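Colleague: My questions will all concern the structure given below.
The values are calculated or read from the model by the stated rules, or taken from the named source; none is laboratory data. The model shown is predicted, which means the values in this text are computed figures rather than measured ones. So basically every Cβ, Gly included, is an ideal-geometry build from the backbone, and we count neighbours across all protein chains shown. Ligands, DNA and RNA are excluded from the accessible area calculation, which covers all protein heavy atoms including side chains. Shrake-Rupley method; radii C 1.70, N 1.55, O 1.52, S 1.80 Å.
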Amino acid sequence: MSTRILERLREETAAQHERIEQNPYAKAAFDQTLTIDQYRSYLAKFYGFIKPVEEQLMEDEALNHMGLDMGIRMKSKLLEDDLIHLGMTPDEITHLPPSSRLPELRTRAQILGYLYVLEGSTLGGQVITKQLMKFLPLGPESGSRYFYAYGQETKLRWTEFREVLLSNATEDSDVVIDSAIETFRLLDAWIRE
């Protein structure tokens, strides 16, 4: 099993990855100037992108044959918990605007590209959680569940995803990479909107 797809994904999405880390919310988090209201808005942006994609993915039969437990990988529930902790009501969350542009996820390769971005973000989420807890009244179970998604199991979940990616992406690696680039691009545009 070649790891070339992982190398290509890292290399070919590097510019988009770097750009999304420079969005105003992320920069403020690392400058320690992000307010609770801005943090809530940041999470609401993620919710507006992730929730409609997850609804689409849960209807897709391709997921059943990939070998991933998608139940534990769905992030919208974590975002809902965080938003409620930060003062939003379930009704307000239901009425958050969804992103008008979502990645195309019709094939297994496209889904893997999307998941590469979202599953990869859980690695960075560990760093973001530690940073946020330095200056905002948050904890791993109170207000930062999304960024701390898998907690102590983050490396295990990444390893599981990595194995599924390596065993499923060999034939359509260009499509996986294009999908990851598009996911980064659309998510970044939505966050900055």
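Colleague: Return only the number of the condition from (1) at pLDDT 95 or above; (2) over 25 Å from Q16 (Cα atoms); (3) of a type in the set (S, T, Y) that S142 does not satisfy.
Modeller: Failing condition for S142: (1).
Colleague: Another question, if that's okay. Does L57 meet the test of being under 22 Å from Q131 (Cβ atoms), open to solvent by less than 60 Å² (accessible area, probe 1.4 Å) and in contact (Cβ under 8 Å) with a residue 40 or more places away in the chain?
Modeller: No.
Colleague: Restricting to the range 22-47, name every residue that is of a type outside the set (A, V, I, L, M, F, W, C), in contact (Cβ under 8 Å) with a residue 60 or more places away in the chain and not in a helix (DSSP H, G or I).
Modeller: Hits for the range 22-47 are N23, Q32.
Colleague: Kindly list the number of the only condition in (1) within 24 Å of E80 (Cβ to Cβ); (2) in a helix (DSSP H, G or I); (3) in contact with a helix residue (DSSP H, G or I) (Cβ under 7 Å, 6 or more places away or on another chain); (4) not polar (S, T, N, Q) that fails for V127.
Modeller: In the conditions (1) within 24 Å of E80 (Cβ to Cβ); (2) in a helix (DSSP H, G or I); (3) in contact with a helix residue (DSSP H, G or I) (Cβ under 7 Å, 6 or more places away or on another chain); (4) not polar (S, T, N, Q), V127 misses (3) alone.
Colleague: Residues being without any contact (Cβ under 8 Å) to a residue 60 or more places away in the chain, farther than 25 Å from R40 by Cβ and either open to solvent by less than 30 Å² (accessible area, probe 1.4 Å) or in a helix (DSSP H, G or I) (or both): count how many of those fall in the range 99-119.
Modeller: Of the residues in the range 99-119, 1 are without any contact (Cβ under 8 Å) to a residue 60 or more places away in the chain, farther than 25 Å from R40 by Cβ and either open to solvent by less than 30 Å² (accessible area, probe 1.4 Å) or in a helix (DSSP H, G or I) (or both).
Colleague: Among the residues of the range 60-69, how many are surrounded by 15 or more Cβ atoms within 10 Å (Cβ to Cβ) and outside any loop (DSSP other than H, G, I, E, B)?
Modeller: Qualifying residue count, the range 60-69: 2.
Colleague: Condition first: open to solvent by less than 40 Å² (accessible area, probe 1.4 Å), closer than 24 Å to A189 by Cα, at pLDDT below 95 and among the aliphatic types (A, V, I, L, M). Can you find one or more residues in the range 81-98 that meet it?
Modeller: No, the range 81-98 has no match at all.
Colleague: Can you tell me which residue in the range 161-193 is nearest to R8 (Cα to Cα), limited to those that are among the hydroxyl-bearing types (S, T, Y), assigned to a helix (DSSP H, G or I) and at pLDDT below 95?
Modeller: That would be S173.
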